[in-house]
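In what follows, a single structure is set out as structure tokens and then discussed.
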Amino acid sequence: MKTNIQNLLMIPLLAIAGCLQVQAQDMPLVTGPYEPTWQSLQKYECPEWFRDAKFGIWAHWGPQCVEETGDWNARSIYLEGSYQYKEHIKNYGHPSEYGFKDVLPDFKAEKWNPDSLLRFYKSVGARYFFALGNHHDNYDLWDSKYQPWNSMNIGPHKDILAGWAAAAKKVGLPFGVSLHADHAWIWYEPSRRYDRSGDKMGVKYDGWLTKEDGKGKWWEGLDPQDLYAQDHPFSEGTWADGMIHRQWAWQNGASIPSEKFRQNFLNRTLDVIDRYNPDLLYFDVTVAPFYNVDNTGQKIASSFYNHSLKQNHGKLRAVMFGKILPDSLKGALTWDVERGAPNELIPLPWQTCTCIGGWHYNKRTYENNGYKSAAQVARMLFDVVSKNGNLLLSVPLRADGTFDEKEYAILLELRDWMRTNGEAIYGTRPWKIFGEGPIAESNIAINAQGFNEGSYMNPSSQEIRFTQKGRYLYAAALKWPDAEKPQTIIIKSLGKGSKQFKGNIGRVELLGYGKVPFSRTADGLVITLPSKHKDKIAPVFKIK
């Protein structure tokens, strides 16, 4: 079992200071032309910088990376019999004695170098950067005035968001923050369970602990309920592990968060906006925080937009994302699709968020070669951009603040492809149609937040995606054709008599190579590929 001896003397004083901080006065809303109503927020227009950027990288990184067992670690260590529960007991102890609160001091970020990471992310091709501000684990990765369980008091003793924000500013990347702690209320409910078999049967996990229980402990002066947020009735069906997904929108028997909890989340979010001036805000929620409960989401959006106007001399740079947005609200917020994409051209800008592995670092993904390849990322990017979207890619970091050598190799390969083909992505706009091919012509439904990216992972060379910029049309085949000699790509939408394109084609270039032969027939634009080329992922053509 791991211990935290070095923290025994330091933490209680910090914790006491944190508890005093949590009594801070409520953050005021920033006033301006946007009011906290959906009607007022409909005036919002997504800024052009975001439409031009197309590609961002996300450090979805926090204390749940310590155990290296993957996403939702802080919840799953309380799910009896799960892989994460078993690994936690083996390496740390039973969750009645050693819960997630006790893991926090082992999140040290000792090798974290935000300046180096941001320079590398930009070199890969990122045009904006996202940091995790808090996750469902309810731990704030900054010097939080409203949550004493934070990265200054416990763990690395660093203001992580401040480090990320400063590094992003140095390299000129717009800065985004994702905030997920609004769901801690139901997400941590398993911390109040107990084993139903074995030696510890019936012994309650540590989600029941209060401040009074901390006397003589490393966390003396801290209240575990500020972290676990479980001083409330259980949701209906709380012992059913998957029930939380049905209750994510605060429906189907979810325990409704108290006004105090909702105000605390609002204060923490406004604190981030005020201190770090993010350009982007992401919430892992249906529409906006507490959408079916109160107007917290509208308050955040209006204050965020007004703050952006004041910080940028009347120019709005802010982008706030929401999931499962009804069409009526896609003007007020920017739609985010998790691990998937609509299979159609969307009129308003949107984003897909995905990860090369799991959201939090997982050693099994590394050991089993479970990462997405650079080719899969590049193809997904072009598909998303062709539909008027952006791609936000998470690259999991280990708890020390580094990524592994397999992730590094993937990013290097992606960087090479982006340097050759980036002109077909950055600053482009959709064409008349987003693409053609068997996948493009399929009915691929979105599942809740998204979760359909598997349908796009195995394209053929018939799968073409389009973007345009100025006088040029760009067309990417999402895979090189099989070993035919000579190799050709046929783009049906550019054939003679095509209703999509009735003009002339004067020149076709293969990016990274140069001019290539072509002809137009009734079947399509037939492009002959060179026998030797450097690209191994997807050929992109520049058509004049």
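The values are calculated or read from the model by the stated rules, or taken from the named source; none is laboratory data. This one's a predicted model, so the numbers in the text were calculated from it and none came from an experiment. Every residue, glycine as well, gets a Cβ built from its backbone with ideal geometry; the counts of neighbours run over all protein chains shown. To get the accessible areas, we keep the full protein, side chains included, count just its heavy atoms, and leave off ligands, DNA and RNA. Shrake-Rupley method; radii C 1.70, N 1.55, O 1.52, S 1.80 Å.
Quick look at the values:
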quantity	calculated
Cα gyration tensor category, rounded, prolate or oblate, for region 211-328 with a/c compared to 1.5	oblate
Charge dipole (the chain, unit charges on Cβ, about Cα centre) - positive-most of Leu104, Gly93, Pro517	Pro517
Total formal charge among the other residues, if their Cβ is under 11 angstrom from that of Lys544, Lys/Arg +1 and Asp/Glu -1	+3
Formal net charge of residues neighbouring Glu48 (Cβ-Cβ distance under 15 Å; K, R +1; D, E -1)	+4
Unit Cα scatterers, Debye sum, region 52-122: log10 I(q)/I(0) for q = 0.15, 0.17, 0.26 Å⁻¹	-0.59, -0.69, -1.15
Average accessible area per residue (Å²) across the chain - probe 1.4 Å, nucleic acids and ligands excluded	40 Å²
Around Phe434: net Lys/Arg minus Asp/Glu count, Cβ-Cβ under 10 Å	0
For region 472-513, average projected area of the Cα convex hull in nm²	4.0 nm²
Calculated over region 380-436: convex hull of Cα atoms, volume per residue (Å³)	98 Å³
Shape of region 265-336, Cα gyration tensor, a/c cut at 1.5	oblate
Directionally averaged projected area (convex hull, Cα atoms, region 422-515), nm²	7.8 nm²
Rg and Dmax [Cα atoms of the chain; Å; Rg one decimal, Dmax integer]	24.7, 82
Over region 104-172, equivalent-ellipsoid semi-axes from the Cα gyration tensor in Å	24, 12, 10
Positive-end residue of Thr352, Pro156, Ala476, charge dipole of the chain with Cβ unit charges	Ala476
Electrostatic dipole magnitude of the chain [Cβ: Lys, Arg +1; Asp, Glu -1; Cα centre; debye, to 20]	2640 debye
Inter-label distance, nm, simple model (7 Å from Cα along the C-beta direction), Thr528/Trp239	7.3 nm
Förster radius 60 Å - calculated FRET efficiency between Ala445 and Glu212, Cβ distance, rounded to 0.05	0.75
Column: log10 I(q)/I(0), Debye, Cα scatterers of region 92-136, q = 0.16, 0.30, 0.33 Å⁻¹	-0.66, -1.10, -1.14
Convex hull (Cα only) mean projected area of region 462-544, reported in nm² to one decimal	5.2 nm²
Debye intensity ratio in log₁₀ form over the Cα atoms of region 226-274, taken at each q of 0.20, 0.21, 0.30 Å⁻¹	-0.78, -0.82, -1.12
Kirkwood hydrodynamic radius of region 347-444, Cα pairs, Å	14.9 Å
Computed FRET value (nearest 0.05) for Lys492 with Lys170, which takes r as the C-beta separation and R₀ as 45 Å	0.45
Between 0 and 90°, nearest 10: helix 114-124 axis offset from the chain longest Cα axis	20 degrees
Extent along principal axes [Cα atoms of region 137-224; Å; largest to smallest]	55, 27, 21
Estimated inter-spin distance, Glu405 and Leu79, nm [label 7 Å along Cα→Cβ]	3.3 nm
Long-range Cα-Cα pairs in region 294-417 (distance over 24 Å), rounded percent	44 percent
Relative contact order (%) - criterion: Cα under 8 Å, at least six apart; region: region 286-379	16 percent
Chain lengthening between Ser197 and Asn504 when straightened (0.36 nm per residue, less Cα-Cα)	103.1 nm
Using alpha-carbon coordinates, inclination of helix 160-171 to the longest axis of the chain, degrees	30 degrees
Compactness of region 236-300 - radius of gyration and Dmax, Cα, Å	13.5, 40
Relative pair counts by distance (%), Cα atoms of region 65-212, 10 Å bins	11, 35, 32, 16, 6, 1
Folded to 0 to 90 degrees: helix 259-276 orientation relative to the chain principal axis, Cα	60 degrees
